[in-house]
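Working notes, beginning with the structure itself.
Just so it is clear, none of the values below were taken in a lab; they were calculated from the coordinates. Computed from a predicted structure; not experimentally measured. A quick note on method: Cβ atoms are made from the backbone with ideal geometry, for glycine too, and the neighbour counts reach across all protein chains shown.
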């Protein structure tokens, strides 16, 4: 009888030990020692931050460029100089009716634990790769009566070229037509010249 009572006590004691189903870090404890806990009530939050899943809302114009398995570069505001390689894990097929954006989930390794849940993250997606593109500084493209114009140097004379801009990235713009590789683009004083103006090459 004593062994049976002991066994019953051991089983009752084991039922009072709460164990986590995953390995991680205890983020918050909801109870104090000695406190009675109702069945199903939360005891603690356990966070597994070894792998981070970051959710983004992507506009409909850009979601067509994204696919599962695509490589992504992640940045976190708390570490402005750091970069994390990520991978697109999920792309929603249906837009959020409230925002008209599509949820995209990116997975990245967080073995060092620097990224914490709730931090603000930013992702750089590759929208499109244009092979052999001609690109110029954005400030060299001028608006002349509704036309986009750049100036090049030919034989010591400025020549106006009407161009068709394409993709803009940062301070560079793709030129779809109007310029050829090897053209000598004027990048200083271009706002002070007209077609036929003599220029000094420096």
message: Cut-off is 10 Å between beta-carbons; in what order do 94, 198 appear when sorted fewest neighbours first?
response: 94, 198
- prompt: So what's the Cα pair-distance distribution over the range 1-155, bin width 5 Å, in %?
  reply: 1, 6, 11, 10, 10, 10, 10, 9, 7, 6, 4, 3, 3, 2, 1, 1, 1, 1, 0, 0, 0, 0, 0
message: Cut-off is 10 Å between beta-carbons; in what order do 128, 64 appear when sorted fewest neighbours first?
response: 128, 64
statement: Computed from the beta carbon distance with a Förster radius of 25 Å, FRET efficiency for residue 111 and residue 70 to the nearest 0.05 stands at 0.70
Alpha carbon convex hull of the range 135-192, volume per residue in cubic angstrom: 80
- prompt: Once the Cα atoms of helix 2-15 and of the chain are each reduced to a long axis, what angle between those two axes, in degrees from 0 to 90 to the nearest 10, is obtained?
  reply: 20
task: Determine, from the Cβ-Cβ distance of residue 100 and residue 45 and an R0 of 45 Å, the FRET efficiency 1/(1 + (r/R0)^6), rounded to the nearest 0.05.
output: 0.85
task: For residue 11 paired with residue 87, estimate the spin-label separation in nm (one decimal), with each label point 7 Å from Cα along the Cα-to-Cβ line.
output: 4.6
